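**Student:** Take this structure, written in structure tokens, and hold onto it; I'll ask about it next.
The values are calculated or read from the model by the stated rules, or taken from the named source; none is laboratory data. Fair warning: this is a prediction, and the values are worked out from it, not measured in the lab. Virtual Cβ from ideal backbone geometry, glycine too; neighbours counted across all protein chains shown.
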């Protein structure tokens, strides 16, 4: 346990400073700024921001007391801030276009000092049943883009091709040598030390199980990781704007992540936004408005990326679209697991403000 002064966490923004910033017009110069210690990045909300069926943001808002609303008309959703803890919540909107523009808009907003902020992306995801189960929380190391590519309809591709989807400027899906992903943004690597630290803080977290989750896991015979009660693990993220599904697509996702990480990564979760969010943070880092080495991505499985044995992919996807079997558990576990890391950062802010944990 680190020795920390009792006042390290309690450095609230004064009412006068908060009022001065709130008086600034969005998009205009502001003589004051709010210090941000942690940005909670969520992608969508259902209905209201509190008091009804939750999306990704609601539980964070309620449990982290993000009660100060800050107008943010240049993006998808207003911001919410806790002046006592320095935690800021953003809802970017779904998809990489909205996540990228929202993140860039926040980073360039003079009302916020994000120079030492940690970014925690916390959202639901599809989870590969070869590696995890619904409700499980996954810390990502690599973020891989699934959209930047060439594609030929599978009905027209050469017979010796496994997929019609292949890397830009490559000679086809068998081409073993990807370009430098920094050129187009096909892959981003998060700080390994920070990811490993976050995982170490949370890997033994006991996540609740329930009969509904158990029933949803049961048909995945022969896939022991899919049948485990929720747990915390590490695994890499594929971001693609298309909500794909099925065993063949899961096989492609696994190969695609392995390709862009040169065999170092392992596909575990599927979502839409990460590469857009991270690209903006990289740009902001270049001008000192953010720190790309202070980014964490936590996704929790709300659904599987493929059906259980013997079930057609279309049938399973359409049924899941009526309500993801792991949605409630995923939302709760994001706050439980991600919240433990937020607490550790805040409790030892005197140290982690200066240097990211390792």
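**Student:** Quickly run through the range 225-243 and pick out the residues that are in a loop (DSSP other than H, G, I, E, B), under 26 Å from residue 295 (Cα atoms) and touching a strand residue (DSSP E or B) at 6+ places or on another chain (Cβ under 9 Å).
**Tutor:** Listed by number, the residues that qualify are 230, 231, 235, 240, 243.
**Student:** Please go through the range 123-165 and pick out each residue that is within 25 Å of the chain's Cα centre (by Cα), closer than 19 Å to residue 260 by Cβ and not in a strand (DSSP E or B).
**Tutor:** The answer is 128, 130, 131, 140, 141, 146, 147, 148, 149.
**Student:** Take the conditions in contact with a strand residue (DSSP E or B) (Cβ under 8 Å, 6 or more places away or on another chain) and surrounded by 24 or more Cβ atoms within 10 Å (Cβ to Cβ) and apply them to residue 113. Does it pass?
**Tutor:** Against the criterion (in contact with a strand residue (DSSP E or B) (Cβ under 8 Å, 6 or more places away or on another chain) and surrounded by 24 or more Cβ atoms within 10 Å (Cβ to Cβ)), residue 113 does not qualify.
**Student:** Another question, then. Does residue 66 qualify as being touching a helix residue (DSSP H, G or I) at 6+ places or on another chain (Cβ under 7 Å), under 27 Å from residue 14 (Cα atoms) and modelled with pLDDT of 95 or more?
**Tutor:** yes
**Student:** Under 8 Å between Cβ atoms, at least 6 apart or on separate chains: pull out the pairs that start in the range 84-112 with a residue that is on the phi > 0 side of the Ramachandran plot and without any contact (Cβ under 8 Å) to a residue 60 or more places away in the chain and end on any residue that is in a helix (DSSP H, G or I) and buried (at least 18 other Cβ atoms within 10 Å of the Cβ).
**Tutor:** 93/99; 93/102
**Student:** Within the range 197-219, take every residue that is touching a strand residue (DSSP E or B) at 6+ places or on another chain (Cβ under 9 Å) and without any contact (Cβ under 8 Å) to a residue 40 or more places away in the chain and give me the one that is surrounded by the most Cβ atoms within 10 Å (Cβ to Cβ).
**Tutor:** Ranking the qualifying residues of the range 197-219, first place goes to 203.
**Student:** Restricting to the range 155-179, what's the tally of residues that are modelled with pLDDT under 85 and either in contact with a helix residue (DSSP H, G or I) (Cβ under 8 Å, 6 or more places away or on another chain) or under 30 Å from residue 294 (Cβ atoms) (or both)?
**Tutor:** Result for the range 155-179: 2.
**Student:** Now for a separate question. Suppose we keep only residues that are crowded, with 24+ Cβ neighbours inside 10 Å and touching a helix residue (DSSP H, G or I) at 6+ places or on another chain (Cβ under 6 Å) within the range 91-110. Which one would you say is nearest to residue 309 (Cα to Cα)?
**Tutor:** 96
**Student:** Mind checking whether some residue in the range 295-313 is free of Cβ contacts under 8 Å to residues at least 24 places away in the same chain and assigned to a helix (DSSP H, G or I)?
**Tutor:** So far as the range 295-313 goes, no, none of its residues is free of Cβ contacts under 8 Å to residues at least 24 places away in the same chain and assigned to a helix (DSSP H, G or I).
**Student:** Same structure, new question: All but one of (1) surrounded by fewer than 23 Cβ atoms within 10 Å (Cβ to Cβ); (2) in a strand (DSSP E or B); (3) touching a helix residue (DSSP H, G or I) at 6+ places or on another chain (Cβ under 6 Å) hold for residue 120; which doesn't?
**Tutor:** Going through the list (1) surrounded by fewer than 23 Cβ atoms within 10 Å (Cβ to Cβ); (2) in a strand (DSSP E or B); (3) touching a helix residue (DSSP H, G or I) at 6+ places or on another chain (Cβ under 6 Å), residue 120 breaks only (1).
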